[in-house]
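Here is the structure we will look at.
The values are calculated or read from the model by the stated rules, or taken from the named source; none is laboratory data. Since this is a predicted model, take the numbers as computed values, not measurements. When we count neighbours, we look across all protein chains shown, and the Cβ atoms used for this are built from the backbone with ideal geometry, even at glycine. The protein model used for the area step is the full one, side chains on, heavy atoms only, and it has no ligands, DNA or RNA in it. Shrake-Rupley method; radii C 1.70, N 1.55, O 1.52, S 1.80 Å.
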Amino acid sequence: MKVLFIASEGVPFFKSGGLADVVGALPKELQRQGIDVSVLLPKYAALPDAFRDELEYITSFVTRLGWRHQYSGVLKAKYQEIPFYFIDNQYYFYRDGLYGYDDDAERYAFFCRAALHALPQINLKPDIIHLHDWQTGLVSALLKGHHRHDLFYSQTKTVFTIHNLKYQGVFPKRIFTDMLDLDWSFFTTDGLEFYDNVNFLKAGLAYSDTLTTVSPTYAEEIQYPFFGENLHGFLRKRKENLFGILNGIDYEIYDPANDPHIFAHFDAHSPENKVKNKLELQKVLGLPVDDKVPMIGVISRLVSQKGLDLIGHVLDEILAESLQLVVLGTGDHYYEEMFRTKASQYPRKLSAQIRFDNRLAHRIYAASDMFLMPSLFEPCGLSQLIALRYGALPIVRETGGLNDTVLSYNSETGDGNGFSFTNYNAHDMLYTIRRALELYQDESTWAAVQENAMEMDFSWDKSAAAYIDIYRKLVKA
Ligand code: ADP
């Protein structure tokens with residue numbers, strides 16, 4: 001079976017968040033389980049130099065977009081046995097960063113249209129096209145609109161994965177007439193229309209054969225108004241075709257026993273070395289060097305989804321405890337300033353690293369005793385999975401994938417791999433942090449919970465098998 005992933009980012013080429021981790025890791029596991037997988041991405045300026053010379057030019061053609069005619073190159077590179085294809089257009093993609101431009105509608109409409117034009121030309125005929133998030137949602141609509149009578153695509157089925165329902169790619173109605181070249185039957189409540197706008201994500205939800213999202217709890221949650229982002233009714237109508245499959249993490253990249261980025265290697269059977277990571281990180285960050293003080297890590301996009309308002313609300317109380325808090329993230333100016341300001345007020349307790357830094361992220365996971373992630377909502381969350389593997393016990397709110405992966409420590413039974421609270425309430429979070437700090441003093445119990453955490457299996461094995469099951473059913477249908 002041939003599967004093609006179409007996505008807007010993927011490790012090791014381009015990353016802004018968890019989506020890239022999934023697009024980098026899941027294909028490898030699918031391939032290991034016998035699927036023929038390739039991946040198609042835009043070629044952004046951020047392509048790491050190491051890959052620049054490896055790219056092979058395959059072909060080029062012109063993609064129509066309303067009145068526009070745009071150059072579309074196709075390049076290819078193999079990475080860890082997976083073919084990666086890139087759509088090349090300097091005007092759209094040769095810019096800093098990945099998203100957030102005024103013409104994102106045009107950029108990703110172009111990407112989707114060019115992708116479907118490219119496949120026959122490079123003779124890549126997938127049984128399944130697996131799409132990810134709003135940037136690729138149009139592909140399913142275009143298949144039905146532009147390629148309905150195209151023999152090449154007559155057997156192709158589509159899977160659309162929602163990585164985060166919050167980001168939908170909603171654009172003014174004129175985008176529909178100006179660049180999609182679809183007839184008005186697509187601009188309906190059952191189609192991609194959304195309050196008289198165009199919604200790229202909804203195009204994916206409406207026209208893909210099967211929908212998935214990244215945890216069982218989130219698959220349920222998004223059918224209700226609080227999490228549904230005004231699409232809950234629409235999703236509920238499709239619930240027979242909506243599945244929650246938990247993300248995994250790449251166990252080769254996130255392996256404390258072999259991680260080239262960290263100061264000292266360790267694993268569940270020899271956790272002694274973990275503390276060396278704390279001591280070294282304290283030196284690097286200019287915090288007091290002390291092996292006994294508990295270190296709490298936060299690695300996050302700094303946006304309200306991640307529960308930063310809860311942290312802001314009780315930050316003084318948190319910092320009044322005996323601990324060190326290390327924050328790595330970028331995002332909304334408000335949160336960046338909040339952490340910067342507090343760090344200058346409490347230089348011995350809080351280190352705020354306001355940037356995107358992969359190596360430092362690995363070092364913080366390795367050094368931290370606890371990992372704080374009190375999200376308002378969380379489709380899956382990879383950070384807590386990485387934290388578990390590195391023996392940093394997660395402190396989380398019970399929502400989405402956090403609910404499916406973190407089991408709060410139970411002193412009666414000894415079960416659990418972290419700490420959790422239910423309500424979106426800053427004092428509940430503070431109480432849970434204090435509970436974790438208290439347990440940290442009990443070295444032997446702490447070590448047992450840490451071992452529980454490190455021994456959990458969040459590799460891609462089972463989840464990849466669940467995707468294969470979905471692909472097989474579609475191909476047979
Ligand atoms: P989301 O996809 O919502 O951002 P996830 O928890 O699913 O959240 O994935 C976040 C990924 O991005 C993790 O691999 C995390 O370590 C990484 N990450 C987030 N912020 C940074 C940063 N500032 N520097 C390095 N890595 C980061």
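Overview of values
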item	result
Members of segment 302-332 found to be within 15 Å of the ligand (Cβ to nearest atom) and surrounded by fewer than 19 Cβ atoms within 10 Å (Cβ to Cβ), listed by number	Val303, Ser304, Gln305, Thr330, Gly331, Asp332
Lone qualifier among Ser344, Ser411, Ser420 - being more than 10 Å from the ligand (Cβ to nearest atom), open to solvent by less than 40 Å² (accessible area, probe 1.4 Å) and free of Cβ contacts under 8 Å to residues at least 60 places away in the same chain	Ser420
Some residue of segment 278-286 being outside any helix (DSSP H, G or I), modelled with pLDDT of 95 or more and open to solvent by 20 Å² or more (accessible area, probe 1.4 Å)	yes
Complete set of residues in segment 68-95 that are aromatic (Phe, Trp, Tyr) and either at positive phi or without any contact (Cβ under 8 Å) to a residue 24 or more places away in the chain (or both)	Tyr71, Tyr91
Top-ranked residue in segment 180-234 [being under 19 Å from His147 (Cβ atoms) and free of Cβ contacts under 8 Å to residues at least 24 places away in the same chain; ranked as surrounded by the most Cβ atoms within 10 Å (Cβ to Cβ)]	Phe187
Positions within segment 142-163 being more than 24 Å from the chain's Cα centre (by Cα) and open to solvent by less than 10 Å² (accessible area, probe 1.4 Å), in sequence order	Leu142
First in segment 368-397 and under 15 Å from Asp250 (Cβ atoms) and in the same structural domain as Ala426 (by TED's automatic domain parsing), second anywhere and at pLDDT below 95 and away from the ligand (no atom under 12 Å from the Cβ), Cβ under 8 Å, 6 or more apart	Arg389/Tyr251
Single match in Arg174, Arg113 (criterion: surrounded by 20 or more Cβ atoms within 10 Å (Cβ to Cβ), at pLDDT 95 or above and among the charged types (D, E, K, R))	Arg113
Answer residue from segment 382-408, given it is open to solvent by 10 Å² or more (accessible area, probe 1.4 Å) and near the ligand (Cβ under 10 Å from one of its atoms) and is nearest to Phe243 (Cα to Cα) among those	Leu382
Any chance Leu319 is in contact (Cβ under 8 Å) with a residue 24 or more places away in the chain and over 21 Å from Met429 (Cα atoms)	no
Check on Thr59, more than 16 Å from the ligand (Cβ to nearest atom), modelled with pLDDT of 95 or more and open to solvent by 10 Å² or more (accessible area, probe 1.4 Å)	yes
Any hit, segment 154-177, residues being assigned by TED's automatic domain parsing to the domain that holds Ile87, within 22 Å of Lys43 (Cβ to Cβ) and among the hydrophobic types (A, V, I, L, M, F, W, C)	no
Condition broken by Glu54, with the remaining ones in (1) acidic (Asp, Glu); (2) modelled with pLDDT of 95 or more; (3) surrounded by fewer than 18 Cβ atoms within 10 Å (Cβ to Cβ) satisfied	(2)
Exclusive hit being under 18 Å from the mean Cα position of the chain (by Cα) and of a type in the set (S, T, N, Q), set Thr213, Thr188	Thr213
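Here is a yes/no grid of residues against (1) part of a loop (DSSP other than H, G, I, E, B); (2) open to solvent by 30 Å² or more (accessible area, probe 1.4 Å):
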residue	(1), (2)
Tyr254	yes, no
His265	yes, yes
Asn273	no, yes
Val293	yes, no
